[in-house]
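All remarks here apply to the structure that follows.
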Amino acid sequence: MSDLILKSAAELADSLAAGETTSVELTQVHLDRIAAVDGDVHAFLHIDAEGALSQAAASDARRANGDALHALDGVPIAVKDVLTTIGLPTTCGSKMLEGWVPPYDATVVKKIKDAGLPILGKTNMDEFAMGSSTEHSAYGPTRNPWKLDRIPGGSGGGSAAAVAAYEAPLALGTDTGGSIRQPGAVTGTVGVKPTYGSVSRYGLVALANSLDQVGPVTRTVLDSALLHELIGGHDPLDSTSTTTPVTGLVDAARAGATGDLKGLKVGVIKELAGEGWAPDVMRKFNESVDLLTKLGADVVEVSTPSFEHAMAAYYLILPAECSSNLAKFDAMRYGLRVTPDGSPSAEDVMKASRDAGFGDEVKRRIILGTYALSSGYYDAYYGQAQKIRTLIIEDFKEAFEQVDVLVSPTSPSTAFPLGAKLDDPLAMYMQDLATIPANLAGTPGISIPAGVSDVDGLPVGVQLLAPVLEDARLYRVGAALEGAIGPVLSIDKLEVAR
Amino acid sequence: MTETLVPFDEVLEKYDPAMGLEVHVELNTNTKMFCGCPATFGGEPNSQVCPTCLGLPGSMPVVNAKAVESAIRIGLALNGKIAEWCRFARKNYFYPDMPKNFQTSQYDEPIVYDGYLDVEVEGETYRVEIERAHMEEDTGKTTHIGGATGRIHGADYSLVDYNRAGIPLIEIVTRPILGAGAKAPQVAKAYVAALREILLGLGVSDVRMDQGSMRCDVNLSLAPKGSGTLGTRTETKNVNSLRSVERAVRFEMSRHAGILDAGEAIFQETRHFHEDTGTTSAGRAKSDADDYRYFPEPDLVPVAPSREWVEELRASLPERTADKRARLQVEWGYSELEMRDVWAAGALSLIEATVAEGASAQTARKWWMAELSRSANDRGVELAELGVTPVQVAEVQKLVDAKTLTDKLARQVFEGLLAGEGTVSEIIDARGLAVVSDDGALGAAVDEAIASQPAVAEKIRGGNQAAAGALIGAVMKATGGKADAKRVRELILEKLA
């Protein structure tokens, strides 16, 4: 194993710039690492060694001519399988899309290609991003590199596990209710959900359009800032995309790294604690809060009373939107087609294909959403949920009148054993208690490693939340806290060690 | 189900009709409603498609600003209010030619609401209230192969062309039209005709009913006379000519009355209209509870046209149809009755265009209202869909004015145009229709006629000029009708003076 894989993306970028390594070498050592450990971890659904190496060779040629496209030109990356990629399968973790190769790139994929980042492959996920453990992937679960009998979080367990296992220095994830941040927390990595609309969703196979957001998955706060700035910005192909430029994140991360938070006001969310929150998680979280005080921040408790309804609202809005989004999978133009015996009608083919192509969790949410949108129930369910959403936005607004950032544990527990919550959807949904409000309000959030549990030795995450379009605050505070906490993830702590 | 048709007059003795018209108009924007694909008609199947209009996973819509502009202009021309803020919504249902299995449309927040259109039938004005006009996208076009009916049931397989998927549509919906009584069928036709004329004037659509760029759904119900209630309705879909709109209303009134007279209930359903027989047949059951699970389209931001923009568009609207009609009547010197006929025949724009090409108002009216109206009637098509253009009419009239053609020859040119024999000059050449105006050639024919009918010639020499008719007839026969009869007469009288 080459020690190169232990470096952060920023360090790799510096090595490339200094001519100490090449993109081909970097790409090859990561492909070697994938070959060595991914049989155990199963972070990847598709590995594109040939494509990645040829992109790496092109990057090296550019750099030799002094034509590097971006600081990260040549640094390899993994992409969640929910983002479309020309020439690479995009399955969304579903049998429904087995073998589908999109004819177009997601805008974020185009951006990383245009910046010269070789794509190592596509990462595993819960089917259509529905889940918090990656166990709902139709292609088998991803395992937590810290302890292989544990879940890596979800839905973006593949991206988080790939980065945690040093199979990739960078990955792209998507976060609808915590799918970047919760996997980050349970794998000891950094994950960011940007402000809604600040990163293009074009080419992201929608789970819930009003909640989805693409974001970075990395091992350091600075790496997330580098990747976030690269993928952010207005996209004319996404009508919900904001026109505010996404800048100043890297500067904020560098400023935060000096460790000075004097004058910063931090609010601890009263409602995200207590019953249902594991004591070892709370102990680690409180240590982080103490560190924020030590760094000079003024920490107070704030109340966001509507957050207790966030889960209920989320599980009406998300199924409603996804029940409509997933209607397009009808076997007519692409994807799985199952033709029943006899002389089936188009409707028979649609039914049989959808029955065979979708897993139980997907069917559960389609049924929930169809019901919630039905005439006569719309006002009571979807309508009410939208009202709660407004209340949550108001809670955030009031809280941010008092403080600059909010802080909470990212996830109520450390990584649980595979299978532990598969038969209890509600227990699984509870994993996203702390992350969902930001999706409902469109606000940005980051999860960084707070340390490891004194009970099971597994990572705990701390979440920071900022107002809409104030993503830079997350990087400043996140980098400061990261420095104070010290390294949490190291290869020697993993079950898939050197 | 009883299919006894009650004669129209008897229907009216017992029932009051109520109508509701839903008109879909394809806009003639360069690109589709939510993507950059060309919105033109007739391309190679599935050649004008992209991830968005194919509904590929991950694709997203972007609203066509030009379509919004057209919707606003239509709304203003229909005396409607323009929403300050409105959204698109998803109408969810499964169908093989629906790429996403939902149609991106508008639901309870249409861009246009509360408009009206005044239409005239036999000198009486009816106000048709317009409830709403909203923007939406068209679906793909399915062709069912095999089977007896050309419909999906019984077909061997079906072909889908997604070129049409995503073409911008405006749906214009009236409030129930009450009180039209015996004139209900004509009011329906007049409304669609007036709407068509306005859209044509705005230049927002080709409004070709025969090509489906304007489609009309006719809702009809009957209630006991004087009851002031509304009966159960049927919705006759895709009625594709003005004449058919009238016939569909008329037929459904007779059919409903037959069912109600028999004490049975009207079954709420969609109906198919059959152009050949003028009848309708059952489609699918349609209840008011059809559940499309509408909800706001989360991939699009609200449309909020600024008042400044709306006022700019209002200021740039073409002349109102009623004003234009009054102005042209004066300019053209038509009588009230002539103008009403022109309007009812849908010939106003055609005559206007013909006059613009240089023909006089009187000659333009003569061709469109007599010769061409008759041909359109024979073929059961609208005047505008006949296939003869104002440019051609003006060209033919120019030749008549220059005495190159007589009226009789001109009619033959139109025959040729209708038969698709080519351009005006090609038809004149091919059919040899030019007037023989060469006095030398005519002189020989006149001499021949005089020589062959000496008795007639003698009468003329004796001062009986009326007898010249027989010789003129002979000359016309000899020249195959291509001689100018007036000139022939002059020559005969000169020679026999």
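The values are calculated or read from the model by the stated rules, or taken from the named source; none is laboratory data. This is a predicted model, so every value here is computed, not measured. In this analysis, Cβ positions are derived from the backbone assuming ideal geometry, glycine residues included, and neighbour counts consider all displayed protein chains.
The criterion of being surrounded by fewer than 18 Cβ atoms within 10 Å (Cβ to Cβ), away from chain B (no Cβ under 12 Å) and among the β-branched types (Val, Ile, Thr) does not hold for A:ILE388. Only one of the listed residues (A:GLY461, A:GLY478) is buried (at least 24 other Cβ atoms within 10 Å of the Cβ), over 16 Å from A:ALA257 (Cβ atoms), in contact with a strand residue (DSSP E or B) (Cβ under 6 Å, 6 or more places away or on another chain) and modelled with pLDDT of 95 or more. That residue is A:GLY461. So for the range A:198-216 (the condition being over 28 Å from A:LEU316 (Cα atoms), away from chain B (no Cβ under 14 Å) and of a type in the set (Ser, Thr, Tyr)), does at least one residue qualify? No: zero hits. Cβ-Cβ distances below 7 Å connect the following pairs, each with a first residue in the range B:397-426 that is closer than 20 Å to B:ASP378 by Cα, a second residue that is modelled with pLDDT of 90 or more and assigned to a loop (DSSP other than H, G, I, E, B), and a separation of six or more residues or different chains: B:PHE414/B:VAL388; B:LEU417/B:VAL388; B:LEU418/B:VAL388. Scanning the range B:136-147 for residues that are within 17 Å of B:THR52 (Cα to Cα) and of a type outside the set (Val, Ile, Thr) gives B:GLU136, B:GLU137, B:ASP138, B:GLY140, B:LYS141. Pick from A:GLY93, A:GLY51: which is in contact with a Ser or Thr (Cβ under 8 Å, 6 or more places away or on another chain) and modelled with pLDDT of 95 or more? Criteria check complete, one pass: A:GLY93. When residues in the range B:55-68 are screened for being surrounded by fewer than 22 Cβ atoms within 10 Å (Cβ to Cβ) and within 13 Å of chain A (Cβ to nearest Cβ), 4 of them pass. Annotation: A:ILE317 fulfils all but one of (1) within 27 Å of the chain's Cα centre (by Cα); (2) farther than 21 Å from A:ALA438 by Cβ; (3) within 13 Å of another protein chain (Cβ to nearest Cβ); (4) at pLDDT 95 or above; the unmet one is (2).
Looking at A:GLY177, A:GLY140, A:GLY191, A:GLY121, which is the one that is modelled with pLDDT of 95 or more, touching a Phe, Trp or Tyr at 6+ places or on another chain (Cβ under 7 Å), farther than 19 Å from A:MET311 by Cβ and away from every other protein chain (no Cβ under 14 Å)?
Working: A:GLY177 fails: farther than 19 Å from A:MET311 by Cβ; A:GLY140 fails: touching a Phe, Trp or Tyr at 6+ places or on another chain (Cβ under 7 Å); A:GLY191 fails: touching a Phe, Trp or Tyr at 6+ places or on another chain (Cβ under 7 Å).
The match here is A:GLY121.
The condition (being farther than 22 Å from A:HIS228 by Cα and out of contact with any His (no Cβ under 8 Å at 6 or more places or on another chain)) is satisfied by just one residue among A:ASP149, A:ASP126: A:ASP149. The condition (being surrounded by fewer than 21 Cβ atoms within 10 Å (Cβ to Cβ) and closer than 17 Å to B:ILE177 by Cβ) is satisfied by just one residue among B:GLY228, B:GLY278: B:GLY228. One residue alone among B:ASP161, B:ASP206, B:ASP210, B:ASP217 is surrounded by 19 or more Cβ atoms within 10 Å (Cβ to Cβ), closer than 28 Å to B:ASN28 by Cβ, assigned by TED's automatic domain parsing to the domain that holds B:GLU252 and among the acidic types (Asp, Glu), and that residue is B:ASP217. What about A:ARG254, is it of a type in the set (Lys, Arg), within 12 Å of another protein chain (Cβ to nearest Cβ) and outside any strand (DSSP E or B)? When the stated conditions are applied, A:ARG254 does not pass them. Considering the range A:75-87, and only residues there that are away from chain B (no Cβ under 13 Å) and either touching an Asp or Glu at 6+ places or on another chain (Cβ under 7 Å) or not in a loop (DSSP other than H, G, I, E, B) (or both), the residue that is nearest to A:ASP330 (Cα to Cα) turns out to be A:ALA78. Just so you know, in the range A:234-264 the residues that are within 23 Å of the chain's Cα centre (by Cα) and among the acidic types (Asp, Glu) include one that is farthest from A:ALA484 (Cα to Cα), and it is A:ASP238.
Kindly check whether there is at least one residue in the range A:222-229 that is modelled with pLDDT of 95 or more, away from chain B (no Cβ under 14 Å) and on the phi > 0 side of the Ramachandran plot.
Taking the range A:222-229 as the starting set, the residues that turn out to be modelled with pLDDT of 95 or more are A:222-229.
Right, trim to away from chain B (no Cβ under 14 Å) and you get A:222-229.
Applying the additional criterion that residues be on the phi > 0 side of the Ramachandran plot yields none.
Checked the range A:222-229: no residue is modelled with pLDDT of 95 or more, away from chain B (no Cβ under 14 Å) and on the phi > 0 side of the Ramachandran plot.
Scanning the range A:90-101 for residues that are within 12 Å of chain B (Cβ to nearest Cβ) and touching a Gly at 6+ places or on another chain (Cβ under 7 Å) yields A:SER94, A:MET96, A:LEU97, A:TRP100, A:VAL101. Against the numbered list (1) at pLDDT below 95; (2) at the interface with chain B (Cβ under 10 Å from one of its Cβ atoms), A:PRO344 comes up short only at (2).
Here's the yes/no breakdown for (1) assigned to a loop (DSSP other than H, G, I, E, B); (2) surrounded by 24 or more Cβ atoms within 10 Å (Cβ to Cβ); (3) not hydroxyl-bearing (Ser, Thr, Tyr):
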{"site": "A:THR176", "(1), (2), (3)": "yes, yes, no"}
{"site": "A:SER179", "(1), (2), (3)": "yes, yes, no"}
{"site": "A:ALA185", "(1), (2), (3)": "no, yes, yes"}
{"site": "A:ARG201", "(1), (2), (3)": "yes, yes, yes"}
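Would you confirm whether or not the range A:418-427 contains a residue that is out of contact with any helix residue (DSSP H, G or I) (no Cβ under 9 Å at 6 or more places or on another chain), among the small types (Gly, Ala, Ser) and either buried (at least 23 other Cβ atoms within 10 Å of the Cβ) or within 27 Å of A:VAL302 (Cβ to Cβ) (or both)? Taking every residue of the range A:418-427 in turn, none turns out to be out of contact with any helix residue (DSSP H, G or I) (no Cβ under 9 Å at 6 or more places or on another chain), among the small types (Gly, Ala, Ser) and either buried (at least 23 other Cβ atoms within 10 Å of the Cβ) or within 27 Å of A:VAL302 (Cβ to Cβ) (or both).
Looking only at residues in the range B:91-116 that are in contact with a His (Cβ under 9 Å, 6 or more places away or on another chain) and of a type in the set (S, T, N, Q), the one that is nearest to B:PRO61 (Cα to Cα) is B:SER105. For the range B:402-409, the condition of being crowded, with 17+ Cβ neighbours inside 10 Å, among the hydrophobic types (A, V, I, L, M, F, W, C), more than 28 Å from B:VAL245 (Cα to Cα) and not assigned by TED's automatic domain parsing to the domain that holds B:ARG243 holds for at least one residue.
Here the condition is being under 22 Å from B:ARG320 (Cβ atoms), among the charged types (D, E, K, R) and touching a Lys or Arg at 6+ places or on another chain (Cβ under 9 Å); of B:GLU26, B:GLU69, B:GLU84, B:GLU124, it holds for B:GLU124 alone.
Please verify whether B:LYS237 is buried (at least 18 other Cβ atoms within 10 Å of the Cβ), of a type outside the set (Phe, Trp, Tyr) and at pLDDT below 95, treating the condition exactly as stated. In short, yes.
Within the range B:69-96, the set of residues being closer than 22 Å to B:ARG175 by Cα, within 14 Å of chain A (Cβ to nearest Cβ) and surrounded by fewer than 21 Cβ atoms within 10 Å (Cβ to Cβ) comprises B:ARG87, B:LYS91. The number of residues in the range A:324-338 being more than 18 Å from A:THR84 (Cα to Cα), at pLDDT 95 or above and more than 8 Å from chain B (Cβ to nearest Cβ) comes to 2. Looking across the range B:97-109, just one residue is more than 14 Å from chain A (Cβ to nearest Cβ) and surrounded by fewer than 23 Cβ atoms within 10 Å (Cβ to Cβ), and that is B:GLU109.
How about the range A:305-415: which helices (runs of 4 or more DSSP H) wholly inside it have at least 2 residues that are polar (S, T, N, Q)?
On the way: elements: A:310-325, A:346-357, A:360-373, A:384-402.
Fully inside the range A:305-415 and qualifying: A:310-325, A:384-402.
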